[in-house]
């Protein structure tokens, strides 16, 4: 189960870079093994959970904007998908940038150094964190779409939204 | 399956039948399975008659598609025509009254008698458009019912348990004369047709439960042109004369209803023909309620008093009353009994018609501001929403509205709003609804607040769509789409509108 989330995120590894991916898998520079925390799992679970929450709200919560005869158009569904995606984008970006700025990412993943230990090049940048945010948006959208088509069928007002 | 045969005599008969058809369209409870209307008139070009005919024809089409065994109440009662005909047309060839009585072949003595009984104007009266308010002519001319094919069809169709009702006005020509004549024929034993053959089931007809309503004056006509015999100044006198004659009907009718109104409207003078089309009036709606009262199974004991030989021992006389007098009536002015009967059905059908886009608007026609009923695209909720709402998905799609039964349904909905508008324009107005409102939740006038959404989140038409989406799963999948559509709206409107006294 914990690997599935990582595998899904790694479909888009080219967007946010291999080194950040290694960090998120839980690679430990000291032990040179994957005995650190699998952050793909933690972030993935939150992303999945939020997507599920918004899908259930859209189709079943009796509140304006959700499960309502005037917001059952495909674009209403799309707006909720985008809102869910943006929230997950923010979570993805803020989590990784926070770890980057707090020095939580192992040195071997962050820099290449010469024989004297001087930094030759940086390997992970803020832009990679932003791209991870974009990846989390995409993954969130995928979860939202799949969950919509599984869960919508008992909805009173929205069961044919988006199609 | 019990039937009620309704003989509507003259223009009043046609207008009351129109009101009755509107009430049945809305699903007002009726104590018989089938209504068989017959309109008796000489003037079949009369626009009141043709309007009623078109309405009944549309009703029959819609009634055929509704589920007879389900919970739906709209169009539930069957209307059936004898031999496919609505009119009992009096078909002698005479145009003038003196021709009809064969004056040219009379002896001198008989001619002198005729001159004493009838004025020159009366003798020269052109009867093709009716009797111009002269029951003395009508009583001679109308004595030919039993020769008519539709009368034979009536006799053949009649069964034990069926009932008869006669609608007439007391102040006109055709109705005032036609009612007692018709009643007399129905109670004459062993009536033969023109070929001398006995009419079928006549014994049953003689003894059948029979009711009648006599409509007293409720309108006047504007000053007639020279040469016309129609004069509303004589309505009251004619009413008095007819009422004194109707004493003879005591113990010949089971229940006799009277209705009239002292607050009269003024109609344009027309002798008859295609120009005679009077606006609907609340008196006609109340007259239609009399018919439903007559067949109400809870009222058998008060409406019928018969002895062991099935002879009438007592005639029940009834009048219609309202709770509070006002020139502008809403549901608030009606008695509890009347409200229980009509508030829910009329309100539900009105909501249905509004959902399909029908409302009253003001248009300039021939340079004059005119109120007219239209289907307004911006108010046509069905057209706007059926693409998105689950209730319509794959069922009520683009072509659905073009099916014949749905077109007839919408035709009736437009006519229903028109009928309400006409009653609103009378001096005695009946204005239960705000016909201009485009909202779902505030169109009922007066104090009654009977629209009940189950969730405050769904307002206006969203409330209706929410309920449609909820109820569609409860309708029978085996029904045809048109039938399912009508049943769905009946369920939804019952949930949203449920007035209890």
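The values are calculated or read from the model by the stated rules, or taken from the named source; none is laboratory data. Bear in mind the structure is a predicted one, so any value in this text is a computation, not a measurement. With ideal geometry, Cβ positions are generated from the backbone for all residues, glycine too; neighbour counts draw on all protein chains shown.
Would you please name the residue that is farthest from the other protein chains (Cβ to nearest Cβ), looking only at residues in the stretch A:107-135 that are in contact with a helix residue (DSSP H, G or I) (Cβ under 7 Å, 6 or more places away or on another chain) and assigned to a loop (DSSP other than H, G, I, E, B)?
This residue is A:123.
Which condition breaks for residue A:123 when tested against (1) closer than 30 Å to residue B:473 by Cα; (2) in contact with a strand residue (DSSP E or B) (Cβ under 7 Å, 6 or more places away or on another chain)?
Against the list (1) closer than 30 Å to residue B:473 by Cα; (2) in contact with a strand residue (DSSP E or B) (Cβ under 7 Å, 6 or more places away or on another chain), residue A:123 comes up short only on (1).
Give just the number: which of (1) without any contact (Cβ under 8 Å) to a residue 60 or more places away in the chain; (2) in a helix (DSSP H, G or I); (3) within 14 Å of chain A (Cβ to nearest Cβ) does residue B:338 not satisfy?
(3)
Is it the case that the stretch B:423-431 has a residue that's under 30 Å from residue A:71 (Cβ atoms) and buried (at least 21 other Cβ atoms within 10 Å of the Cβ)? Give the steps one after another, and end with the answer.
So in the stretch B:423-431, the residues under 30 Å from residue A:71 (Cβ atoms) come out as none.
No, every residue in the stretch B:423-431 fails to be under 30 Å from residue A:71 (Cβ atoms) and buried (at least 21 other Cβ atoms within 10 Å of the Cβ).
Within the bounds of the stretch B:406-417, is there any residue that is assigned to a loop (DSSP other than H, G, I, E, B), in the same structural domain as residue B:469 (by TED's automatic domain parsing) and within 30 Å of residue B:474 (Cα to Cα)?
Taking the stretch B:406-417 and keeping what is assigned to a loop (DSSP other than H, G, I, E, B), we get none.
No.
When the stretch B:370-401 is examined, which residues are found to be surrounded by 20 or more Cβ atoms within 10 Å (Cβ to Cβ) and more than 14 Å from chain A (Cβ to nearest Cβ)?
The answer is B:373, B:379.
Yes or no, residue by residue, for (1) in contact (Cβ under 8 Å) with a residue 12 or more places away in the chain; (2) more than 26 Å from residue B:56 (Cβ to Cβ); (3) over 26 Å from the mean Cα position of the chain (by Cα):
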{"site": "B:404", "(1), (2), (3)": "yes, no, no"}
{"site": "B:415", "(1), (2), (3)": "yes, no, no"}
{"site": "B:430", "(1), (2), (3)": "yes, no, no"}
{"site": "B:433", "(1), (2), (3)": "yes, no, no"}
{"site": "B:436", "(1), (2), (3)": "yes, yes, no"}
{"site": "B:442", "(1), (2), (3)": "no, yes, yes"}
{"site": "B:475", "(1), (2), (3)": "yes, yes, yes"}
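Kindly provide the set of residues from the stretch B:425-440 that are in a loop (DSSP other than H, G, I, E, B) and away from chain A (no Cβ under 14 Å), ordered by number. Reasoning before the result, please.
Quick first cut of the stretch B:425-440, residues in a loop (DSSP other than H, G, I, E, B) only: B:425-428, B:431-432, B:434-440.
Within the stretch B:425-440, B:425, B:426, B:427, B:428, B:431, B:432, B:434, B:435, B:436, B:437, B:438, B:439 meet the criteria.
Exactly one condition in (1) more than 30 Å from residue A:60 (Cα to Cα); (2) assigned to a helix (DSSP H, G or I); (3) free of Cβ contacts under 8 Å to residues at least 60 places away in the same chain is not met by residue B:422; state its number.
Evaluating residue B:422 over (1) more than 30 Å from residue A:60 (Cα to Cα); (2) assigned to a helix (DSSP H, G or I); (3) free of Cβ contacts under 8 Å to residues at least 60 places away in the same chain leaves (3) as the failure.
Might you check whether a residue that is closer than 26 Å to residue A:66 by Cα, more than 14 Å from chain A (Cβ to nearest Cβ) and touching a strand residue (DSSP E or B) at 6+ places or on another chain (Cβ under 9 Å) occurs anywhere in the stretch B:450-459?
Filtering the stretch B:450-459 down to residues closer than 26 Å to residue A:66 by Cα leaves B:451-459.
Cutting the leftovers down to more than 14 Å from chain A (Cβ to nearest Cβ) gives us B:451-452.
From the residues that got through so far, the ones that are touching a strand residue (DSSP E or B) at 6+ places or on another chain (Cβ under 9 Å) too are B:451-452.
Yes, that holds for at least one residue.
Among the residues of the stretch B:50-57, is there at least one that is in the same structural domain as residue B:78 (by TED's automatic domain parsing), in contact with a helix residue (DSSP H, G or I) (Cβ under 7 Å, 6 or more places away or on another chain) and part of a strand (DSSP E or B)?
Initial filter on the stretch B:50-57 (in the same structural domain as residue B:78 (by TED's automatic domain parsing)): B:50-57.
Subset that is in contact with a helix residue (DSSP H, G or I) (Cβ under 7 Å, 6 or more places away or on another chain): B:51-52, B:55-56.
Going one step further and asking which of them are part of a strand (DSSP E or B), we end up with none.
Within the stretch B:50-57, none of the residues are in the same structural domain as residue B:78 (by TED's automatic domain parsing), in contact with a helix residue (DSSP H, G or I) (Cβ under 7 Å, 6 or more places away or on another chain) and part of a strand (DSSP E or B).
Quick one: would you say residue B:88 is modelled with pLDDT of 80 or more, under 24 Å from the mean Cα position of the chain (by Cα) and under 30 Å from residue B:194 (Cα atoms)? Explain how you work it out, then say what you get.
Numbers: modelled with pLDDT of 80 or more: yes; under 24 Å from the mean Cα position of the chain (by Cα): yes; under 30 Å from residue B:194 (Cα atoms): yes.
It is true that residue B:88 is modelled with pLDDT of 80 or more, under 24 Å from the mean Cα position of the chain (by Cα) and under 30 Å from residue B:194 (Cα atoms).
Can you name every residue in the stretch B:460-483 that is within 14 Å of another protein chain (Cβ to nearest Cβ) and either part of a loop (DSSP other than H, G, I, E, B) or over 21 Å from residue A:71 (Cα atoms) (or both)? Lay out the reasoning, then the answer.
Start the filter on the stretch B:460-483 by keeping residues that are within 14 Å of another protein chain (Cβ to nearest Cβ), which leaves B:460-474.
Hit for the stretch B:460-483 is B:474, nothing else.
Can you tell me how many residues within the stretch A:136-163 are assigned to a helix (DSSP H, G or I), surrounded by fewer than 18 Cβ atoms within 10 Å (Cβ to Cβ) and within 11 Å of another protein chain (Cβ to nearest Cβ)?
2
Residue by residue through the stretch B:21-49, note down the ones that are closer than 24 Å to residue B:149 by Cβ and not in a loop (DSSP other than H, G, I, E, B).
Hits for the stretch B:21-49 are B:21, B:34, B:35, B:36, B:37, B:38, B:39, B:40, B:41, B:48, B:49.
What is the residue count in the stretch B:4-29 for residues that are touching a strand residue (DSSP E or B) at 6+ places or on another chain (Cβ under 8 Å) and touching a residue at least 60 places away in the same chain (Cβ under 8 Å)?
Keep residues of the stretch B:4-29 that are touching a strand residue (DSSP E or B) at 6+ places or on another chain (Cβ under 8 Å), which gives B:4-14, B:16-17, B:20-21, B:24.
The next check asks that each one be touching a residue at least 60 places away in the same chain (Cβ under 8 Å); those that pass are B:4-13, B:16-17, B:20.
Summing the residues that are touching a strand residue (DSSP E or B) at 6+ places or on another chain (Cβ under 8 Å) and touching a residue at least 60 places away in the same chain (Cβ under 8 Å) in the stretch B:4-29 gives 13.
Among the residues of the stretch B:321-341, how many are in contact with a helix residue (DSSP H, G or I) (Cβ under 7 Å, 6 or more places away or on another chain) and surrounded by 21 or more Cβ atoms within 10 Å (Cβ to Cβ)?
Within the stretch B:321-341, residues that are in contact with a helix residue (DSSP H, G or I) (Cβ under 7 Å, 6 or more places away or on another chain) and surrounded by 21 or more Cβ atoms within 10 Å (Cβ to Cβ) number 2.
Where residues in the stretch A:32-70 are under 14 Å from residue A:83 (Cβ atoms) and crowded, with 20+ Cβ neighbours inside 10 Å, which of them is farthest from the other protein chains (Cβ to nearest Cβ)?
This residue is A:47.
Do the conditions hold for residue B:501, that is, is it crowded, with 21+ Cβ neighbours inside 10 Å and touching a residue at least 60 places away in the same chain (Cβ under 8 Å)?
On the way: crowded, with 21+ Cβ neighbours inside 10 Å: no; touching a residue at least 60 places away in the same chain (Cβ under 8 Å): yes.
So residue B:501 fails the test.
Picking from A:83, A:87, A:97, which residue would you name as being crowded, with 18+ Cβ neighbours inside 10 Å, more than 14 Å from every other protein chain (Cβ to nearest Cβ) and touching a residue at least 24 places away in the same chain (Cβ under 8 Å)?
Every option except A:87 fails the conditions.
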